[in-house]
Amino acid sequence: MAAEQIWEQPEFYDPTPQDFNAYGQGRRRKAAVVLSLIWGGTLALHWVSWGTWVVWALTSVVGWQVLRLLWGKAIPETPPALTGDTPLPSVTLLVAAKNEEAVIERLVRSLCQLDYPCYDLWVIDDASTDATGQILDQLRPHYPQLRVLHRPAGAGGGKSGALNEGLRLSQGEIVGVFDADAQVSPDLLHWIVPLFQQPQVGAVQVRKAIAPGPPNWWLAGQRVEMILDAFLQQQRRRLGGIAELRGNGQFVRRTALNRVGGWNEATLTDDLDLTFRLHLDAWDIEFLFTPSVMEEGVTNFRALWHQRNRWAEGGYQRYLDYWRPWLFWPWGAWKRFDTGVTCVSQYLLPAASIPDSLWAIWGKHPPLLWPLTSVMLLLFCGSTWRGLSRLEPRSPWQLLGASLRAMLYMTHWLPVMAAMMVRVAVRPKRLKWVKTVHVTSGE
C-alpha cells in the first residue's frame with residue numbers, strides 16, 4: 001500500500017526519487033548561512049535586555065520534550081506473531097564489505113544461521129584489496145543462502161553504491177542491512193518480519209550493542225551510549241516523533257526503498273539520510289530494544305573523533321538537504337516538532353556555544369545558554385538510567401554512577417558538533433567511503 005494512501009495525503013503530495021536527489025546541492029553555502037545566523041543570533045541575545053527570556057523560553061520548550069521522553073512509559077517488548085494465512089515475505093540481507101578479511105567469515109556464519117525459511121544474503125565485495133573476496137568465494141559453496149558480488153575498483157557511490165547494486169540484483173520484499181562486524185541471534189527475523197504487517201511501517205531498526213572487548217573507557221562509554229540512544233529512539237517514536245535508522249541492523253520495505261530512490265550516494269551517512277526520506281514520504285520507522293545486533297567499538301579517542309565527525313556531518317546534511325520539505329511537506333506536525341527539537345539541541349546549541357562561551361569569558365559572567373546545556377545533560381543522564389534499568393537489575397546507586405559516567409562521556413558530542421558545524425561552513429568533507437577498521441574479538 002502506498003504511503004500517501006495510508007495517511008490520505010493531498011493529491012499534490014507524491015514525491016519521486018528525483019525530488020529527493022535534487023535537494024543535496026549547495027551544502028557549503030547553506031551551512032555558512034546557518035552558522036552566520038546562529039553566531040549572530042547568539043551575540044544579539046547577549047546585547048538585548050530580553051535575551052535571557054528568549055533562552056528560558058527555548059529551554060522550556062526543549063525541557064518539556066525532554067521530560068516527555070524521560071517520563072514516558074516504556075512498553076515491554078514481546079516477540080510479535082505473524083498473523084493470517086499469507087505466505088511469509090522473502091527477506092534479503094545486504095552487506096557492503098571493503099577489506100573485511102578479519103571478520104567476514106564470522107559474519108557469514110552468523111547471518112546464514114537465522115531461523116527463517118525464505119531469505120538470502122548478498123555480500124557486496126567493494127573492490128577489497130585484502131583477502132575478503134577470496135574468503136567469500138570459498139564460503140559460497142557451503143552456504144546456499146550466500147550470494148557474492150565483486151565490484152570493480154572505481155565503481156563509485158561508496159557504501160551506498162554497493163547497497164544499491166545489491167538492491168537491484170536481489171528480490172526480497174524486506175531488505176536488511178548489516179555491517180561486516182555484525183553478530184546476531186538466530187531468532188532475529190522472528191522479531192522483525194511481523195512488524196511489517198503494519199502497512200505504514202517502512203523500516204525497522206534494532207538496537208546496536210558493542211561486542212565484548214578489553215577493559216577500555218571508550219568501549220564502556222559506547223556500550224552505554226547505544227543503550228541511551230535506543231531508549232531515546234523508542235520514546236521519540238511512541239510520542240509521535242521519529243525513530244532513526246542506525247545502519248547496522250536496519251530493515252526496510254522494498255516498496256518504500258523504491259519510492260525514495262534507494263540509498264543516497266551523495267551523503268556521508270546513508271542511514272540518517274534514508275531516515276529523513278522515509279519519514280518525508282510518510283512511512284513510519286519502528287525501533288526494537290530487543291533483540292540487538294552486536295558490533296565492534298572503537299578503542300581510542302582519535303578513532304572515536306573521526307567516526308563521530310562523520311556521523312555528525314551526515315546527520316547535519318539532512319537538515320541542509322531537506323529543509324524545504326521538512327518545513328512545508330505535510331508529513332506530520334509531531335514529527336516536525338520532534339526533529340526541530342533534535343536539530344536545536346544536537347546541532348544548533350553546540351554551534352551557538354562557541355560565541356556564547358567566548359562572550360562569557362570576555363564579560364566574566366556565566367554563559368547565557370547554560371539552561372539549555374543543562375537540560376541536554378539531564379537528557380543524557382536520565383536516558384542512561386532508564387535504558388540500563390531495562391536490561392539488568394541494578395541498585396539506584398549503581399544506576400546513578402553509570403548515568404553520571406555516561407553524561408561525562410557524552411559531552412564529547414559538544415566539541416564534535418561545534419567543530420563540525422564550523423568546518424562544514426568552510427570546507428565540507430569529500431564524499432568517500434571512510435570505514436571503521438574491524439578486527440576479530442580476540443585480536
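The values are calculated or read from the model by the stated rules, or taken from the named source; none is laboratory data. Everything numeric here is computed off the predicted structure, so don't read it as measured data. Methodologically, a virtual Cβ is constructed for each residue, glycine included, from the backbone with ideal geometry; neighbour enumeration extends over all protein chains shown. Note: accessible area is taken over every heavy atom of the protein model, side chains too, but ligands, DNA and RNA are not part of it. Shrake-Rupley method; radii C 1.70, N 1.55, O 1.52, S 1.80 Å.
Here are some notes:
- Screening residue 302 with (1) in contact with a helix residue (DSSP H, G or I) (Cβ under 7 Å, 6 or more places away or on another chain); (2) assigned to a helix (DSSP H, G or I); (3) over 23 Å from residue 260 (Cα atoms) gives one miss only, at (1).
- Residue that is surrounded by the fewest Cβ atoms within 10 Å (Cβ to Cβ) [pool: residues in segment 145-177 that are more than 25 Å from the chain's Cα centre (by Cα) and under 20 Å from residue 107 (Cβ atoms)]: 169
- Residue that is in contact with a Lys or Arg (Cβ under 9 Å, 6 or more places away or on another chain) and open to solvent by 70 Å² or more (accessible area, probe 1.4 Å), where the choices are 327, 320: 327
- Qualifying position, being closer than 30 Å to residue 86 by Cα, open to solvent by less than 30 Å² (accessible area, probe 1.4 Å) and either at pLDDT below 95 or of a type in the set (Phe, Trp, Tyr) (or both), among 228, 195, 219: 195
- Qualifying positions in segment 355-380 - closer than 19 Å to residue 36 by Cβ and either among the charged types (D, E, K, R) or in contact with a Phe, Trp or Tyr (Cβ under 7 Å, 6 or more places away or on another chain) (or both): 355, 356
- Screening residue 318 with (1) in contact (Cβ under 8 Å) with a residue 60 or more places away in the chain; (2) assigned to a helix (DSSP H, G or I) gives one miss only, at (1).
- Selected residue (criterion: nearest to residue 272 (Cα to Cα)) from residues of segment 330-350 that are more than 18 Å from the chain's Cα centre (by Cα) and open to solvent by less than 20 Å² (accessible area, probe 1.4 Å): 331
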